[in-house]
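The values are calculated or read from the model by the stated rules, or taken from the named source; none is laboratory data. As the structure is a prediction and not an experimental result, all values here were calculated from the model. FYI the Cβ positions are ideal-geometry reconstructions off the backbone, even for glycines, and counts take in every protein chain you see.
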Amino acid sequence: MMKPLPERGYGYAPGVFQYSCGVAALPGYRLERARFRRPVELGEGFARIKAHLIARGVPLTAFAACELRSPGQFTEAGFAEFNRVYAGTLQDWGVFVGEENPVARSNVCPEVSPPAAPGFHAFSYAVPDAASVASFVIAGNCEAKEGGATYRESIVAFGDTSPAGLSAKCHHVMSEMESRMRTLGVGYDAATAMNLYTVYDPHPILAREILGRAAPALGLEWHLCRPPIEGLDWEMDCRGISHELVL
C-alpha cells in the first residue's frame with residue numbers, strides 16, 4: 001500500500017533501508033526531474049540538489065527520487081557501506097520517515113567512461129501543480145528475489161546470460177516493476193520512459209519479454225550499464241514525468 005506524505009506532495013511504496021520501491025505525486029502536485037549534464041560526485045551532488053530545491057522554493061523533504069552512477073559493481077559489504085553514507089545525508093535533511101527511506105533510487109555502473117566516484121545522474125522532486133496529471137518514479141529493480149541471505153543466493157538464473165537466462169531475469173524484473181506500479185496506482189499508460197541497464201544484448205528477447213507486455217509505443221531506453229552489485233546482470237526502472245530539465 002502506498003504511504004502518502006501530504007506535506008511533501010508525494011507518496012511512496014515502502015522498500016528497503018536504502019530506498020523505496022517507488023514514489024508518486026499526490027493530487028495538487030507533480031514530480032519534476034532534473035538531470036546533470038555529467039555525473040556529479042555524491043557530496044557535490046547533494047549540495048547542488050539542496051541549492052536547486054531551495055531555488056525552486058520547495059523543502060528538502062520534497063526530494064523524492066534519484067538516479068546514481070558508480071565506477072563499478074560493489075561487493076555486498078561495500079554496497080552496505082555506501083548506503084550508510086548516502087542515507088546519512090537524507091536523515092540529516094529530515095527525509096526519512098522513522099526508519100523508512102521514502103526516496104526511490106536506481107544505481108548503475110556505466111560500462112564505458114564510468115565516473116571516478118559514485119555520484120548523481122538525475123533526481124526528482126515534488127512541486128505544487130493544481131493542473132497536474134499522474135507522475136511517478138519506479139525505483140531500479142534487479143533480478144534478485146527477496147528473502148535470500150545474500151544477493152548471490154537470490155539471483156535469478158545466476159551467471160546465465162544466454163537468451164533463456166536473460167528471459168528469466170527480465171520476467172522477474174518486469175513482474176516486480178509492475179507490482180510496484182500497482183502499489184502506486186499507476187501503469188505503463190502513464191509512463192514517459194522505461195529504462196534497461198545491462199551489458200548483454202537484449203534484442204533476442206526485446207519484442208516478447210519487454211515490448212510485448214509493456215507499452216510498445218513507449219519503446220525502451222537501453223543503457224550500457226551494470227547493476228550495482230557483483231553477480232547482477234539486469235536492472236530496469238520506469239517513470240512518468242512530463243517536466244524534465246538539464247542542469
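What are the residues in the stretch 98-108 that are over 19 Å from the mean Cα position of the chain (by Cα) and not acidic (Asp, Glu), if any?
Gly98
Where residues in the stretch 61-80 are over 19 Å from the mean Cα position of the chain (by Cα) and of a type outside the set (Val, Ile, Thr), which of them is surrounded by the most Cβ atoms within 10 Å (Cβ to Cβ)?
Step one: list which residues in the stretch 61-80 are over 19 Å from the mean Cα position of the chain (by Cα), which gives 75, 77-78.
Subset that is of a type outside the set (Val, Ile, Thr): 77-78.
On the way: Ala77: 8, Gly78: 15.
Across the stretch 61-80, the extreme among qualifying residues is Gly78.
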Scanning the stretch 71-110 for residues that are among the aromatic types (Phe, Trp, Tyr) and in contact (Cβ under 8 Å) with a residue 60 or more places away in the chain, the one farthest from Ser135 (Cα to Cα) turns out to be Phe74
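Just give me the residues in the stretch 168-204 being touching a residue at least 60 places away in the same chain (Cβ under 8 Å), hydroxyl-bearing (Ser, Thr, Tyr) and under 21 Å from Arg30 (Cα atoms), in sequence order.
Pass one, the stretch 168-204, residues touching a residue at least 60 places away in the same chain (Cβ under 8 Å): 169-170, 173-174, 177, 180-181, 183-186, 195, 197, 199.
Pick out the ones that are also hydroxyl-bearing (Ser, Thr, Tyr) and you get 183, 197.
Once the filter is applied, which keeps residues that are touching a residue at least 60 places away in the same chain (Cβ under 8 Å), hydroxyl-bearing (Ser, Thr, Tyr) and under 21 Å from Arg30 (Cα atoms), the stretch 168-204 yields only Thr183.
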Matching residues in the stretch 42-81 (among the hydrophobic types (A, V, I, L, M, F, W, C) and at pLDDT below 95) number 3
Against the definition (among the β-branched types (Val, Ile, Thr) and crowded, with 19+ Cβ neighbours inside 10 Å), how does Ile49 come out, yes or no? yes
Of (1) crowded, with 20+ Cβ neighbours inside 10 Å; (2) more than 19 Å from Thr183 (Cα to Cα), Asn141 satisfies every one except (2)
The residue that is modelled with the lowest pLDDT, considering only those in the stretch 176-231 that are of a type in the set (Val, Ile, Thr) and either touching a Phe, Trp or Tyr at 6+ places or on another chain (Cβ under 7 Å) or closer than 27 Å to Ser242 by Cβ (or both), is Ile210
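Return a yes/no flag: does the stretch 133-140 have any residue that is in a helix (DSSP H, G or I) and touching a residue at least 12 places away in the same chain (Cβ under 8 Å).
no
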